[in-house]
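Working notes for the structure below.
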Amino acid sequence: MAKIATLITNMFEDSEYTEPAKAFQDAGHEVVTIEKESGKEVKGKQEKAKVRIDKGIDEVRAEDFDALFIPGGFSPDQLRADERFVQFAKSFMDAKKPVFAICHGPQLLITSKTLEGRDATGYKSIRVDMEYAGANYADKEVVVCQNQLVTSRQPDDIPAFNRESLKLLEQL
């Protein structure tokens, strides 16, 4: 089963973390939450979900994980201001490991300059940013690119996001 690095901080979109994380865990995968420091608790922007952080960014290496999960909300925008998170995300894209990004999640991929020439989607407010980053933006519930990158637009797309993410994990 896969070990999935999850980049998350305060103001994540609650369901965009809780529903995929549950689907991954129900399928037998390990979800490891990563923020600036381990042990702290972060809260979703809807204030329905609280997440205990497993590892600090300085405690982890991309090589120790099989896949990367980036939930949306305001979390990715905050994390991309810290180069450590940008480089961590870039490592997964460069290594062609599975990356799952929903809603505003692709913001970390924009900042890591890894979307050029890639088919992807995201929340409508970041569409132009994704296009400027060189992505081939598609307004669809889920886009799978090169059997590696799974992106979705919003909470309504979670069932399709989970389905395609789990399909990629089955191939590991």
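For the reader, a short list of remarks on this structure follows.
- The stretch 119-165 shape via C-alpha gyration tensor axes, a/c threshold 1.5: oblate
- Charge tally for ALA27 (other residues, Cβ to Cβ under 12 Å; Lys, Arg +1; Asp, Glu -1): 0.
- Charge tally around LYS48: other residues with Cβ under 15 Å, Lys/Arg +1 each, Asp/Glu -1 each, net -2.
- Loop GluC sites (Glu not before Pro), the stretch 23-61, which have at most 13 other Cβ atoms in a 10 Å radius of their Cβ (DSSP): GLU37, GLU47
- Options GLN87, VAL99, ALA49, ranked by Cα towards positive dipole end of the stretch 1-136, top entry (Cβ charges): ALA49
- Nonpolar atom fraction for the stretch 1-142, defined as the carbon and sulfur part of the 1.4 Å probe accessible area, stands at 42 percent.
- Per residue, the chain exposes 46 Å² of solvent-accessible protein surface, assessed with a 1.4 angstrom probe and all protein chains in place.
- Computed [θ] at 222 nm, deg cm²/dmol, the chain (DSSP H ≥ 4; -39,500 (n - 2.57); rounded to nearest 500): -9000 deg cm²/dmol
- Cα-based shape type of the stretch 58-139, given that a ≥ b ≥ c are square roots of the gyration tensor eigenvalues and the cut on a/c is 1.5: prolate
- All-pairs alpha carbon distance profile, the stretch 16-88, 5 Å steps from 0, percent: 3, 14, 25, 30, 21, 7, 1
- Summarising the amide proton neighbourhood of VAL31: residues at separation of 5 or more, or on other chains, whose placed amide H is nearer than 5 Å comprise ILE4.
- Diffusion of the stretch 3-132 by Stokes-Einstein, at 25 °C in a medium of 0.890 mPa s and with Rh set to the Kirkwood radius over alpha-carbon pairs, works out to 170 µm²/s.
- Among the listed pairs LYS40/LYS140; LYS3/LYS113; LYS50/LYS97, those beyond 31 Å (Cα-Cα): LYS40/LYS140
The values are calculated or read from the model by the stated rules, or taken from the named source; none is laboratory data. Owing to the predicted nature of the structure, the values given are computational and were not obtained by experimental measurement. Don't worry about glycine lacking a Cβ; one is built from the backbone with ideal geometry, like all the others, and counts go over all protein chains shown. The protein model used for the area step is the full one, side chains on, heavy atoms only, and it has no ligands, DNA or RNA in it. Shrake-Rupley method; radii C 1.70, N 1.55, O 1.52, S 1.80 Å.
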